[in-house]
Amino acid sequence: MKAKLEQIRKSAIDALERVADRDTLFNLEKKFLGRKAELAQVMKDIKSLSDAEKPLVGKLINDIKRDISAIVEKKRTDFSAQSAPGRSGWDKTLPGLKPALGHIHPITRFLEKIEDIFVRMGYEVVEGPEAETQAYNFDLLNFPKDHPARDVQDTFFLDQKGDDGLPMVLRTQTSPVQIRAMEIRKPPVRLLVPGRVFRNEATDAGHETTFYQCEGLVIDQGIRVTDLIGTLDLFIKRLFGQDVKIRVRPHFYPFTEPSMDIDMSCLLCQGGGCPFCKKSGWIETLGSGMVHPNVLKNMGVDPKVYSGFAFGLGIDRLMMLYYGVNDIRLSYSGDLRFIEQF
Ligand code: DAH
């Protein structure tokens with residue numbers, strides 16, 4: 001009986017696969033599943049089987065019916081899709097268009113990694129305004145009145161005047177938030193300030209007029225240069241791995257004394273020298289230094305009691321290195337072909 005059932009299954013499937021029109025499908029459905037179908041006949045014969053065999057054969061018949069019904073259903077949907085009114089060739093069984101879901105921009109994602117590292121070291125994340133007065137952007141940070149950075153070459157000036165009576169600027173750095181944050185805080189503080197900054201630059205693969213920085217400020221009693229170097233070494237290793245080395249070079253910033261730049265060993269050539277690091281083996285990563293006593297005073301902090309360190313990190317180039325991006329302008333292009341790669 002089993003062989004007979006398998007035979008029925010095979011001939012039904014063969015016939016149904018070849019069906020090319022609705023009428024034949026209707027007839028074959030009747031032939032294989034209807035009341036007078038061969039399967040129905042076999043069902044009647046089950047009575048004569050032994051008690052052990054009855055459930056087995058019953059199950060086989062049900063399986064075969066299910067297989068045949070599945071093919072009939074599939075064929076029926078195919079035919080109705082083909083003949084949907086006014087939509088020749090339109091297959092309504094095809095899946096619909098998936099709505100595009102966005103995701104976080106690579107710069108934001110990279111900033112979040114950086115924030116995570118500092119938050120675990122006890123830092124508080126704060127933000128400040130992008131349109132800034134010259135007092136905050138320059139004067140309170142100990143920039144001399146004739147410092148070339150105020151020049152229209154580097155700074156975007158706005159028509160609107162600030163409280164200081166001077167035209168406001170698009171902030172050229174996140175450093176002004178050091179002062180703003182300390183207006184409502186007292187030491188000890190550990191602050192991290194991510195944000196967008198603006199400079200009147202000629203753009204190329206490595207320069208944009210808009211880019212991101214992340215500022216750090218730590219003030220407490222007894223803070224020393226070694227705290228600064230140790231913190232930034234740990235940060236860079238947590239971000240890029242234990243094998244990365246740092247190098248400290250003297251530099252000048254008006255708001256720190258002493259000031260230094262921190263480089264990290266080039267990830268592409270492991271310090272051996274390549275075009276990315278201009279054959280030096282090092283990549284300029286951070287500006288930093290011990291907060292200048294004048295700046296502490298402008299924050300209302302007594303430099304005889306407290307000391308602190310600050311640093312400024314350019315986000316874009318590090319993000320490019322982290323994800324392997326070769327043109328800074330791609331970040332701000334809004335081009336989905338770029339964004340969708342992340
Ligand atoms: N503001 C500096 C710049 O944009 C970067 C910087 C250097 C920030 C040293 C700091 C610092 O806080 O201590 O070039």
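The values are calculated or read from the model by the stated rules, or taken from the named source; none is laboratory data. The structure displayed is predicted, hence computed values, not measured ones. All Cβ positions, even for glycine, are placed from backbone atoms using ideal geometry, and neighbour counts span all protein chains on display. Just so you know, the surface numbers come from the protein's heavy atoms only, side chains and all, with ligands and any DNA or RNA stripped out. Shrake-Rupley method; radii C 1.70, N 1.55, O 1.52, S 1.80 Å.
See the values below:
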{"item": "Criterion (touching an Asp or Glu at 6+ places or on another chain (Cβ under 7 Å), at pLDDT 85 or above and surrounded by 14 or more Cβ atoms within 10 Å (Cβ to Cβ)) met by exactly one of V57, V72", "result": "V72"}
{"item": "Single match in F79, F118 (criterion: outside any loop (DSSP other than H, G, I, E, B), at pLDDT below 95 and either assigned by TED's automatic domain parsing to the domain that holds Y323 or of a type outside the set (G, A, S) (or both))", "result": "F79"}
{"item": "Selection within the range 196-209 - open to solvent by 30 Å² or more (accessible area, probe 1.4 Å) and assigned to a strand (DSSP E or B)", "result": "R196, D204, H207"}
{"item": "Residue within the range 324-332 that is surrounded by 15 or more Cβ atoms within 10 Å (Cβ to Cβ), of a type in the set (V, I, T) and away from the ligand (no atom under 16 Å from the Cβ) present", "result": "yes"}
{"item": "Number of the condition not met by A84 [criteria: (1) in a loop (DSSP other than H, G, I, E, B); (2) at pLDDT below 90; (3) open to solvent by 40 Å² or more (accessible area, probe 1.4 Å); (4) not charged (D, E, K, R)]", "result": "(3)"}
{"item": "Cross-chain or 6+ apart pairs with Cβ under 9 Å, the range 233-250 first and among the acidic types (D, E) and surrounded by fewer than 16 Cβ atoms within 10 Å (Cβ to Cβ), then modelled with pLDDT under 95 and not in a helix (DSSP H, G or I)", "result": "D243/S265; D243/Q270"}
{"item": "Number of the condition not met by Q178 [criteria: (1) in a loop (DSSP other than H, G, I, E, B); (2) surrounded by 16 or more Cβ atoms within 10 Å (Cβ to Cβ); (3) within 16 Å of the ligand (Cβ to nearest atom)]", "result": "(1)"}
{"item": "Filter result (within 24 Å of the chain's Cα centre (by Cα) and more than 9 Å from the ligand (Cβ to nearest atom)) within the range 293-319", "result": "I315, D316, R317, L318, M319"}
{"item": "Hits in the range 205-215 - residues which are within 13 Å of the ligand (Cβ to nearest atom) and touching a Ser or Thr at 6+ places or on another chain (Cβ under 8 Å)", "result": "Q213, C214, E215"}
{"item": "Scan of the range 131-175 for residues that are open to solvent by 50 Å² or more (accessible area, probe 1.4 Å), among the basic types (K, R) and either touching a residue at least 40 places away in the same chain (Cβ under 8 Å) or in a loop (DSSP other than H, G, I, E, B) (or both), ordered by number", "result": "K145"}
{"item": "Sole residue being more than 30 Å from L318 (Cβ to Cβ) and either assigned to a loop (DSSP other than H, G, I, E, B) or not assigned by TED's automatic domain parsing to the domain that holds D21 (or both), chosen from K74, K54, K113, K36", "result": "K36"}
{"item": "Top-ranked residue of the range 258-292 - restricted to ones that are within 10 Å of the ligand (Cβ to nearest atom), assigned to a strand (DSSP E or B) and not β-branched (V, I, T), ranked as nearest to I219 (Cα to Cα)", "result": "M290"}
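Residues checked against (1) modelled with pLDDT of 90 or more; (2) assigned by TED's automatic domain parsing to the domain that holds N142; (3) over 27 Å from R196 (Cβ atoms):
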| position | (1), (2), (3) |
| --- | --- |
| P258 | yes, yes, yes |
| C269 | no, yes, yes |
| M290 | yes, yes, no |
| V295 | yes, yes, no |
| F309 | yes, yes, no |
| G314 | yes, yes, no |
| D327 | no, yes, no |
